[in-house]
1. Going through the cross-link list 144/303; 140/414; 64/101, which pairs have a Cα-Cα distance over 25 Å in this structure?
2. Between residue 308 and residue 361, what is 0.36 nm times their sequence separation minus the Cα-Cα distance? Round to one decimal in nm.
3. Local charge sum around residue 338 (other residues, Cβ-Cβ under 12 Å, Lys/Arg +1, Asp/Glu -1)?
4. Along each of its three principal axes, how wide is the spread of alpha-carbon positions in segment 207-288, in whole angstrom units, largest first?
5. Between rounded, prolate and oblate, where does segment 298-379 land on the alpha carbon gyration tensor, with a ≥ b ≥ c its root eigenvalues, rounded for a/c under 1.5, else prolate if a/b exceeds b/c?
6. Please compute P(r) over all alpha-carbon pairs of segment 241-335, binned at 5 Å starting from zero, and give each bin as a whole-number percent.
7. First select every other residue whose beta carbon is under 11 angstrom from the beta carbon of residue 159; then total the charges, Lys and Arg +1, Asp and Glu -1.
8. Along the Cα→Cβ direction, 7 angstrom out, place labels at residue 275 and residue 290. What is the inter-label distance in nm?
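The values are calculated or read from the model by the stated rules, or taken from the named source; none is laboratory data. Every value quoted in this text rests on a predicted model; they were computed, and no experiment measured them. So basically every Cβ, Gly included, is an ideal-geometry build from the backbone, and we count neighbours across all protein chains shown. Calculation scope for accessible area: heavy atoms of the full protein, side chains included, ligands and nucleic acids excluded. Shrake-Rupley method; radii C 1.70, N 1.55, O 1.52, S 1.80 Å.
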Amino acid sequence: IFFRARSFFVVATMDPSALQDMMGKENLTIIQEHMAWQANQDVMYDVIKSESLEWPTQTVQWLKGVEAGDDESTIQRLLFGTQTSGQEQEYLLIANVRVPKAQDEDEDEEDTDEKDPTEAPDDKKEICITGFQHRLPHDKEINKARAMPQNEDLIATKSNSGTVYLFNLKGEAPAAGATSAHQVVMEGTMGEGYGLAWNPFQNGYLLSADDCICCWDTTVGSRDKPLAPLFKDEKVHTDAVEDVVWLGASLFASVADDKTLRIWDMRAGPKATSTVEYTSNLNALGFHAEAEQRLLTGAADGKVLQWDLRKLAVKDIVHTFVGHSDEVFVIQCAPFHVSVFASAGYDRAVYVWDMDKIGQAVQEDDDEEVVPELVFQHGGHTSRVLDISWNPNPDDAWVMSSVQESNNVMHIWKPLQDLLIEDEDEEEEDEEDEEAQGEPVAKRQKVQ
């Protein structure tokens with residue numbers, strides 16, 4: 001058996017059963033799945049890059065804005081942090097990423113016709129980090145980093161100690177030897193956590209979740225003293241709060257290890273206005289501003305749940321997205337389409353879903369279960385996926401980044417568009433089929 005692990009190659013000549021005894025069944029399965037994924041990259045992706053980082057990261061976010069590169073690419077920015085386990089100085093990083101420009105259909109067909117199938121992938125698939133715009137010292141490991149949507153020069157971080165910091169990319173440069181370049185430190189947090197969310201409806205409002213929930217108005221913060229929370233809850237959730245998301249200028253949702261989803265209105269004080277209890281821990285939230293009554297949650301049982309905020313009850317769950325085989329840790333709604341979102345977690349996979357496909361008929365070639373709303377599965381990670389991010393720039397709408405728990409790996413990828421989007425002629429044919437047959441037909445991913 002010949003396989004690739006991290007950046008080196010291993011050749012094992014022992015039989016499979018002996019190899020399994022040496023490595024363990026789970027590790028061998030991971031390696032075999034990774035080999036299969038590598039072998040099929042060219043038929044799954046328009047763009048794919050496994051970026052080797054200096055240190056692992058638990059957080060990633062694409063930033064808005066595109067700079068001119070060469071004739072075939074643009075330069076875009078990617079936010080992430082370091083996790084050195086105390087071995088070296090931690091940093092908040094803004095990387096420059098070379099993103100190849102999308103080819104038009106005629107150019108793509110011409111390249112496909114002329115390409116020798118034995119040749120290595122061409123440069124159009126090469127996407128990579130080319131350098132760093134900012135490398136700001138941070139005094140603790142970074143669990144989560146998020147840029148404020150109204151001003152991406154302002155970046156909030158949540159450290160592994162639970163402390164929340166505010167950085168200003170246009171602020172004063174840190175003094176020589178400084179262990180942190182933050183401009184403001186927030187007070188009120190009560191432990192390590194991962195929930196961190198800027199309010200897209202209210203400039204400067206920042207939510208944090210750990211053993212409590214805090215909200216700060218960062219527009220009044222200064223270097224002089226820690227910023228006190230505008231809002232703080234310590235007692236409503238009875239276990240660690242895993243995630244928070246804004247639903248409006250003063251409305252937000254939270255999920256926790258106490259198995260509850262809670263809705264809050266800060267105008268009503270530190271108490272939840274609605275609560276619903278699920279059957280397992282809830283880890284993640286997703287919300288799209290254009291679908292103001294729809295909320296998504298990711299659960300420890302591997303399910304993604306769609307809720308209607310007007311009827312918040314388990315019996316009224318709108319839809320259950322089934323595919324993950326382990327806990328769902330993160331959900332990100334696509335900025336370019338209200339029906340598309342991605343989920344990821346402990347099963348090492350990123351799933352891309354399209355809610356518009358729920359209930360569509362599918363063409364099945366065998367007896368495997370087919371989920372029409374599951375439009376793509378990214379299976380290249382070898383450990384838990386901790387964060388994902390959609391590219392917000394319109395020309396690169398389907399480009400994503402995802403980071404994993406170990407091995408210093410970040411994936412930057414774009415699914416093959418033929419797997420996601422039918423061309424106009426096919427759509428017209430499908431519309432005719434719908435009129436004739438009364439139901440749509442679509443190609444969709446099979447549950448692995």
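1. 140/414
2. Taking 0.36 nm per residue and subtracting the Cα distance, the gain is 16.7 nm.
3. -3
4. Reported extents, whole Å, longest axis first: 45, 22, 22.
5. rounded
6. Histogram of Cα-Cα distances, whole percents per bin: 3, 14, 26, 28, 19, 7, 2, 0.
7. -2
8. A separation of 3.6 nm, rounded to one decimal place.
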